[in-house]
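Q: Before I ask anything, let me first share the structure, which is written out below as structure tokens.
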Amino acid sequence: MKLLNKRAVITGGARGIGLAIVQRYLAEGASVVVADIDAKAIEDALTTLQQDASAERVRGVVLNVCDQGSIDAMVESVTERFGGIDILVNNAAVFDMAPVLEVTQASFDKQFAVNTKGMFFTLQAVARAMVAQGQGGKIINMASQAGRRGEPIVSVYCASKAAVISLTQSCGLDLIKHRINVNGIAPGVVDTPMWEEVDALFARFENRPLGEKKRLVGEAVPYGRMGLPEDHTGAAVFLASQDSDYVVPQTLNVDGGNWMS
């Protein structure tokens, strides 16, 4: 129960890694808000989550991280319901790819709007609430191994996640004076429903059969397989707990050995 009585918000929390973190935080004693742009996905997640003893400790909020009004309304709603916010996991993200000569401004703008700008201004709004509370807090930004290096047909996504790592460093150095620890997690290749879309894009641009890219990237992981959403929850608990009070502002690779830094 490392997060007993803590109040957490997980953006993009209705599926994949976000939902796995929600489940683990509830098991660790936290009250959790599932914040997601997809109202139906929130409803489906809550239907499952509220079937156990933690039902009173989980709530859902529709959140569009590209809309400042939506961000502010989420913070106000969570503060009213739970009395404050102790933990934020910035997990909401989108993915797209194309060769450099085919990248559109619409794709570029959307990836940076969600992955970078949305992450930053959600962090800012929650950090302001944490400062007002005067009890510090923990903020975890979900980056990616893609933010550690460039990839030929994933240029914009890589850049957006590199910016997440950089902002994590800058925000962490600034906010630690308020005892707000800002850190990150960089997953590698993770077997979520999104990877079906990713695989289809690779099949298109690399002229591969469907499923081949997913198989190849899984085989290339030193651990021997793709990651699972649950593989990331231990790091998320560590960075949200008092065990990480002296960790500032790092991005932890959780990728089966794909990247070393």
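Q: Go through (1) within 26 Å of ASN5 (Cα to Cα); (2) assigned to a helix (DSSP H, G or I) one by one and return the number of the condition ALA159 breaks.
A: The number of the failed condition is (1).
Q: Could you please find all residues in the stretch 214-239 being in a helix (DSSP H, G or I) and in contact with a helix residue (DSSP H, G or I) (Cβ under 7 Å, 6 or more places away or on another chain)?
A: Within the stretch 214-239, LYS214, PRO229, GLU230, HIS232, THR233, ALA236, VAL237, PHE238 qualify.
Q: For ASP86, indicate whether it is touching a residue at least 60 places away in the same chain (Cβ under 8 Å), acidic (Asp, Glu) and farther than 15 Å from VAL126 by Cα.
A: On the way: touching a residue at least 60 places away in the same chain (Cβ under 8 Å): yes; acidic (Asp, Glu): yes; farther than 15 Å from VAL126 by Cα: no.
No: the conditions fail for ASP86.
Q: Please verify whether the stretch 99-113 includes one or more residues that are assigned to a helix (DSSP H, G or I), surrounded by 20 or more Cβ atoms within 10 Å (Cβ to Cβ) and in contact with a helix residue (DSSP H, G or I) (Cβ under 6 Å, 6 or more places away or on another chain).
A: In the first step, residues of the stretch 99-113 are kept if they are assigned to a helix (DSSP H, G or I); the result is 100-102, 105-113.
So of that shortlist, the ones also surrounded by 20 or more Cβ atoms within 10 Å (Cβ to Cβ) come out as 111.
Narrowing the set further to residues that are in contact with a helix residue (DSSP H, G or I) (Cβ under 6 Å, 6 or more places away or on another chain) leaves 111.
Within the stretch 99-113, one or more residues are assigned to a helix (DSSP H, G or I), surrounded by 20 or more Cβ atoms within 10 Å (Cβ to Cβ) and in contact with a helix residue (DSSP H, G or I) (Cβ under 6 Å, 6 or more places away or on another chain).
Q: Here is a check on your reading of the model: is ALA220 over 22 Å from VAL254 (Cα atoms), surrounded by fewer than 20 Cβ atoms within 10 Å (Cβ to Cβ) and of a type in the set (A, V, I, L, M)?
A: no
Q: Would you pick out the residues in the stretch 164-215 that are modelled with pLDDT under 95, surrounded by 16 or more Cβ atoms within 10 Å (Cβ to Cβ) and of a type in the set (Gly, Ala, Ser)?
A: Matches in the stretch 164-215: ALA203 only.
Q: Another one. Among the listed residues ALA27, ALA55, ALA39, ALA8, which satisfies the condition of being crowded, with 19+ Cβ neighbours inside 10 Å and not basic (Lys, Arg)?
A: One residue alone meets the criteria, ALA8.
Q: Turning to a different aspect of this structure: For the list (1) more than 24 Å from GLN169 (Cα to Cα); (2) under 17 Å from the mean Cα position of the chain (by Cα), I need the number of the one condition that ILE21 fails.
A: (1) is the only condition that ILE21 fails.
Q: On to the next question. For the stretch 79-116, what are the residues that are under 12 Å from the mean Cα position of the chain (by Cα) and not small (Gly, Ala, Ser)?
A: Matches in the stretch 79-116: LEU88, VAL89, ASN90, ASN91, VAL94, VAL114, ASN115, THR116.
Q: Restrict the check to the stretch 182-197 and report whether at least one residue is in a helix (DSSP H, G or I) and small (Gly, Ala, Ser).
A: Checked the stretch 182-197: no residue is in a helix (DSSP H, G or I) and small (Gly, Ala, Ser).
Q: Within the group MET130, MET119, which residue is over 25 Å from VAL190 (Cβ atoms) and either surrounded by 17 or more Cβ atoms within 10 Å (Cβ to Cβ) or in contact (Cβ under 8 Å) with a residue 60 or more places away in the chain (or both)?
A: MET130
Q: For the stretch 133-147, enumerate the residues that are within 28 Å of HIS178 (Cα to Cα) and either under 14 Å from the mean Cα position of the chain (by Cα) or in contact (Cβ under 8 Å) with a residue 24 or more places away in the chain (or both).
A: GLN133, GLN135, GLY136, GLY137, LYS138, ILE139, ILE140, ASN141, MET142, ALA143, SER144, GLY147
The values are calculated or read from the model by the stated rules, or taken from the named source; none is laboratory data. Quick caveat: nothing in here was measured; it's all calculated off a predicted structure. Methodologically, a virtual Cβ is constructed for each residue, glycine included, from the backbone with ideal geometry; neighbour enumeration extends over all protein chains shown.
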